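Coordinate-derived values only; no laboratory data. This one's a predicted model, so the numbers in the text were calculated from it and none came from an experiment. Cβ: placed from backbone, ideal geometry, glycine included. Neighbour counts: every protein chain shown.
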Amino acid sequence: MAAFDRLKKVFSPKDETAGEEYLEIDLEKEATKDNKVLVKLFSLKVYEDVNDVLNSIREGYVIAIIDIKPLRQKDSIELKRAISKIKKTADALEGSIAGFGENMVIVTPSFAAIHKDPAKPKEDQQRKNKFD
């Protein structure tokens, strides 16, 4: 509210010296206040629910945690379409996407990454290769 009072004072023509005053507004400071990272939970019950996920991802400051179990149980083909669409959007925005268990998918914006362990060969296969 104080900023508005100062603006009003600067722009009100009381005398000639009022025009010489100026007000600096630090836009960077104000912008960072609202740009917190949000973690949003989603549930894909029908294919159309993917639009809510995509809109949130496009905002840029959202980490989406998506429960895919309802759609997987209902229609696996629609689930594949939905995941494909989410993956394309995440790739276009240079974000990351990863499955977490059988029922969860996590999507992050470009400034966050999902740590993925490289696939390790099974111990039995390593032994077989060593002794062949």
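Restricting attention to region 34-110, close to 60% of DSSP beta bridges with both partner residues there are antiparallel.
Determine, for each peptide in 94-103, 65-74, the mean count of other beta carbons within 10 angstrom over its residues, then list the peptides with the highest first.
Working: 94-103: 13.7, 65-74: 17.3.
Descending mean neighbour count gives 65-74, 94-103.
The modelled label-to-label distance between Ile65 and Val46, using points 7 Å beyond Cα along the C-beta direction, is 2.6 nm.
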